[in-house]
Every structure is written in C-alpha cells, then in structure tokens.
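Trainee: Quick one: the structure is below, questions incoming.
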Ligand code: SAM
C-alpha cells in the first residue's frame, strides 16, 4: 500500500532544490539540437493545488516556493524554473505548483519525448489526464525502478532520468542504487538525477557508499539543509545526486545556493554544498 502523497509537500524547500536542478539540466540538454528523452520514474500527480487541503495542512510551500517566487533579486538562472511555475499561474498569484513532469513538459521541445511512471491509484489518473493531449508523452502505471531496465537506452541516445521515490520504505535507499546501476549499464552516457532526503545522515552515507562501490564515474552531489543533521524525526535537508552532470551545473549551483539558502532559511541554520564525489 502506497501512503505517500506528494500533495502534502509540493513546493517545499526540497522541491525547490530538486526542480531548480531539473530545470538547469534540461536547459543544458537543449543547447544541442538533437532531441532527447526524459524518464521520470516516480512522477507524482503532476500538478498540486497550493490552496488545497493537503498543501494547506502542512504549509510546507510557505517555507519553500513562496519565499523565492517573485523576489526582485532572483538570479537569472532560476528563470526556466520560474517560467514553468508561471505557466500554471497566469494571474500572477501562486495557486498551483508544477511537479517534475509539468516542469519538464514546459521546458521540453516538440521533438523531445517524456516517459512518466506513477504507481499510486489516485495520482496516476491525475497525471494521465494532464498529458492526455501531449503526443510527446507516455504515461504508465508501472514500477519506476523497472523502467530503468525496460526503457533504457532511449532511441535518441540522449536523455535525462529523474529518480524521485518517496523513501517510505527503507528499501528505497538500496533500490535507487540498484536501479541506477541497471540504468547506467544500459545507458552509460545518460544524465541520472537522484533526489534524496536527509532524515538520518547515516542512511545517506550508506547510500553514497553503495553508489561509489558500483564504479560509476562522474558523480556530483548538491545539498541544501534547512537545519543541522538530527536524530529526531523529520527531514532536515535534501539533495540531488547527478551522474554525468552538464559541465556548467556545479558552477551554476555554487552561484545559486547561497541565494537560495538565504531566502529559504532566513534563520541561517543548516548548510549548502556542491561536491564532485566521484571524478570523471
Ligand atoms: N517527482 C515528483 C515531483 O518532483 O513532482 C514527485 C514524486 S513523489 C516524491 C514520489 C512518487 O512516487 C509518489 O507519487 C508515489 O506514489 C510514487 N511511487 C512510489 N513507489 C513507486 C514505484 N515503485 N514506481 C513508481 N512510482 C512510485
């Protein structure tokens, strides 16, 4: 039984980090004319109503996207991400937040392709409806990890894979590494982006140790923490692991993170970092 619903968390500081990195990778892939493939293994519902019961109950977006949206000094690098949000909020009031599939939909070109998978019985139909008129996209109710075997390599031989599980089950920390290993074996030149939450730092250390043991090269880690590591319940930080990152990504995130951290965490607690954890 899947109980996680992203609608409770949409637009929080972890989404801001994830979707900023996602938009920068897509923007970099568009620098070449050749079309590419976007695989979103854990796609969610696609669109989230911020005034809805779920988002209002936690109010997480108020400490996330609300803090940076429409800031006059927002760095130019955030524009592709903000453009995707603006496309859902034409009036200028932030009512809807786009999940990763809608950010990709907004930024991808006519000849690029999307493959989206979502297992949840309530979120899958919402996602399918979002894309019912988009010929570029295929939406399946299927296991995201399985896609890393069955959908790679893509015919275009260019692509980005986003792996964004809920980590509801402890086994996700191992499943993501195994999935990446399977995907990378088939599509070694692809860009793989894995999101992770820091709830217990030890879990992330183990996951990274397992990832490094696969022998995969060229791995970048990007992290933003709202609070210091803790052994109490709750997410203190989140990060993105990017395999084969676009060459400018590290530098772009080094530019963005001080601004993002200052705006998202006005108390100044936590930290941010960009590290090449495995060289090319
Ligand atoms: N990627 C989305 C975004 O950024 O907007 C958010 C995804 S949310 C963190 C994780 C999603 O994975 C949930 O909607 C959950 O129902 C779904 N899910 C859980 N296990 C899955 C699996 N094995 N395969 C596909 N989807 C799964």
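The values are calculated or read from the model by the stated rules, or taken from the named source; none is laboratory data. This one's a predicted model, so the numbers in the text were calculated from it and none came from an experiment. Here Cβ is always computed from backbone atoms with ideal geometry, including for glycine, and neighbour counts include all displayed protein chains.
Trainee: Just checking, how many residues over the stretch 51-70 are modelled with pLDDT of 90 or more and under 15 Å from residue 82 (Cβ atoms)?
Mentor: The qualifying residues number 7.
Trainee: Now for a different question. List, please: which pairs have Cβ atoms under 7 Å, are six or more places apart or on different chains, and start with a residue in the stretch 24-46 that is under 21 Å from residue 168 (Cα atoms) and end with one that is modelled with pLDDT under 95 and crowded, with 22+ Cβ neighbours inside 10 Å?
Mentor: If the second residue must be modelled with pLDDT under 95 and crowded, with 22+ Cβ neighbours inside 10 Å, the pairs left are 44/6; 45/6; 45/7.
Trainee: Quick one: how many residues across the stretch 1-20 are out of contact with any helix residue (DSSP H, G or I) (no Cβ under 7 Å at 6 or more places or on another chain) and surrounded by fewer than 22 Cβ atoms within 10 Å (Cβ to Cβ)?
Mentor: Qualifying residue count for the region: 4.
Trainee: Does the stretch 154-164 contain any residue that is within 12 Å of the ligand (Cβ to nearest atom), under 24 Å from residue 80 (Cα atoms) and in a loop (DSSP other than H, G, I, E, B)?
Mentor: So far as the stretch 154-164 goes, yes, one or more of its residues are within 12 Å of the ligand (Cβ to nearest atom), under 24 Å from residue 80 (Cα atoms) and in a loop (DSSP other than H, G, I, E, B).
Trainee: Among the helices (runs of 4 or more DSSP H) contained in the stretch 47-134, which hold 2 or more residues that are free of Cβ contacts under 8 Å to residues at least 24 places away in the same chain and away from the ligand (no atom under 12 Å from the Cβ)?
Mentor: Working: elements: 53-58, 65-68, 79-86, 100-107, 123-130.
Counting at least 2 such residues, we get 53-58, 79-86, 123-130.
Trainee: Quick check: anything in the stretch 237-246 free of Cβ contacts under 8 Å to residues at least 60 places away in the same chain, under 16 Å from the mean Cα position of the chain (by Cα) and farther than 16 Å from residue 17 by Cα?
Mentor: Yes: one or more hits.
Trainee: OK, next. At positive phi, buried (at least 24 other Cβ atoms within 10 Å of the Cβ) and within 16 Å of the ligand (Cβ to nearest atom) - does that describe any residue in the stretch 21-38? Walk me through how you get there before you give the answer.
Mentor: So the first thing to find is which residues in the stretch 21-38 are at positive phi, and the list is none.
No: the stretch 21-38 contains no residue that is at positive phi, buried (at least 24 other Cβ atoms within 10 Å of the Cβ) and within 16 Å of the ligand (Cβ to nearest atom).
Trainee: Being within 11 Å of the ligand (Cβ to nearest atom) and either buried (at least 20 other Cβ atoms within 10 Å of the Cβ) or assigned to a helix (DSSP H, G or I) (or both) is the filter here; which residues of the stretch 135-153 pass it?
Mentor: Matches in the stretch 135-153: 144, 145, 146, 147, 148.
Trainee: Might you let me know whether the stretch 167-182 holds any residue that is closer than 27 Å to residue 74 by Cα, free of Cβ contacts under 8 Å to residues at least 12 places away in the same chain and in a helix (DSSP H, G or I)?
Mentor: The answer is no, given that none of the residues of the stretch 167-182 is closer than 27 Å to residue 74 by Cα, free of Cβ contacts under 8 Å to residues at least 12 places away in the same chain and in a helix (DSSP H, G or I).
Trainee: Follow-up question, since we're still on this one. Enumerate the strands (runs of 3 or more DSSP E) found wholly within the stretch 184-243, keeping only those where 3 or more residues are away from the ligand (no atom under 16 Å from the Cβ) and crowded, with 21+ Cβ neighbours inside 10 Å.
Mentor: Working: elements: 191-198, 219-225, 237-243.
In the stretch 184-243, 219-225 are the strands (runs of 3 or more DSSP E) which contain 3 or more residues that are away from the ligand (no atom under 16 Å from the Cβ) and crowded, with 21+ Cβ neighbours inside 10 Å.
Trainee: Look through 191, 198, 242 and report the one residue that is touching a strand residue (DSSP E or B) at 6+ places or on another chain (Cβ under 9 Å) and under 16 Å from residue 166 (Cα atoms). Please lay out each step first, then the result.
Mentor: Details: 191 fails: under 16 Å from residue 166 (Cα atoms); 242 fails: under 16 Å from residue 166 (Cα atoms).
Sole residue among the options that is touching a strand residue (DSSP E or B) at 6+ places or on another chain (Cβ under 9 Å) and under 16 Å from residue 166 (Cα atoms): 198.
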